[in-house]
1. Please give the calculated 222 nm ellipticity per residue for the chain, where each DSSP H segment of at least 4 residues contributes -39500 (n - 2.57) and the sum is spread over every residue; nearest 500 deg cm²/dmol?
2. For the chain, what is the charge dipole size about the Cα centre, in debye to the nearest 20, if Lys and Arg each add +1 at the Cβ and Asp and Glu each add -1 at the Cβ?
3. Report the full-extension gain for the segment ALA73 to GLU115: residue separation times 0.36 nm, less the Cα-Cα distance, to one decimal in nm.
4. Collect residues whose amide H, placed 1.01 Å from N in the peptide plane, falls under 5 Å from the amide H of ASP29; neighbours closer than 5 in sequence don't count.
5. Hey, fewest Cβ within 10 Å first, where do THR103, THR60, THR47, THR96 land in order?
6. Label region 44-101 by shape, choosing from rounded, prolate and oblate, from the square roots a ≥ b ≥ c of the eigenvalues of the Cα gyration tensor; if a/c is under 1.5 it is rounded, and otherwise prolate applies when a/b is larger than b/c, oblate when it is not.
7. With all distinct Cα pairs included, what does the Kirkwood hydrodynamic radius of the chain come out to in Å, to one decimal, could you say?
8. Give me ASP33, ASP75 ranked fewest to most by other Cβ atoms within 10 Å of their Cβ, as a rough exposure proxy.
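Just so it is clear, none of the values below were taken in a lab; they were calculated from the coordinates. Quick caveat, the model's predicted, so the values are computed rather than measured. Neighbour counts are summed over all protein chains in view; Cβ atoms, including those assigned to glycine, are modelled from backbone coordinates with ideal geometry.
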Amino acid sequence: MTNKISQIALIAMLAISVIVALLFFLGGDVDPDAEYVEPKNTGLLLTWAYILVGAVCVVTLAAAGIGFATKIASDPKSATTSLVSIVALALLLCITYFAADTTPLPLVDGTQQSEFDLRISGMCIVSAFILAGIAAFVSLFGFLVKRF
């Protein structure tokens with residue numbers, strides 16, 4: 001049952017991601033004659049990225065916390081694995097937050113983003129790339145281990 005729920009959630013998130021990507025790439029531009037072309041659905045793409053990063057953080061922290069709480073009494077050594085994953089995620093988010101570029105970007109209406117917005121956006125984008133790379137590596141490694 002749990003496997004089926006996770007498969008449905010994965011398919012739903014993948015479908016939404018494909019739709020958001022298509023809207024971003026094929027949705028047109030705010031002003032096609034501008035020097036810097038801005039896709040119409042940039043905000044939608046960033047909002048979806050925020051939602052995905054937030055969901056990953058919440059699910060990871062919840063799973064690690066539940067795993068830690070259930071295993072601490074019976075197997076303290078394996079319970080530390082859950083605790084390490086919480087610390088690793090927090091460390092990843094802290095590093096990517098402080099490493100984010102805060103150079104203001106020129107906007108069409110003449111306003112500028114705040115440093116906090118730029119840091120959060122950079123953190124989400126870089127964290128998503130790192131987590132996707134880790135997931136791809138673990139999937140490939142798991143596949144190779146099963147085959148050989």
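1. The per-residue figure over the chain is -27000 deg cm²/dmol.
2. In debye, rounded to 20, the chain gives about 1240.
3. Value of the extension gain: 10.7 nm.
4. Here the answer is LYS40, since their amide H atoms fall under 5 Å of that of ASP29.
5. The fewest-first ordering by Cβ neighbours comes to THR103, THR47, THR60, THR96.
6. oblate
7. 18.2 Å
8. Lowest count first: ASP33, ASP75.
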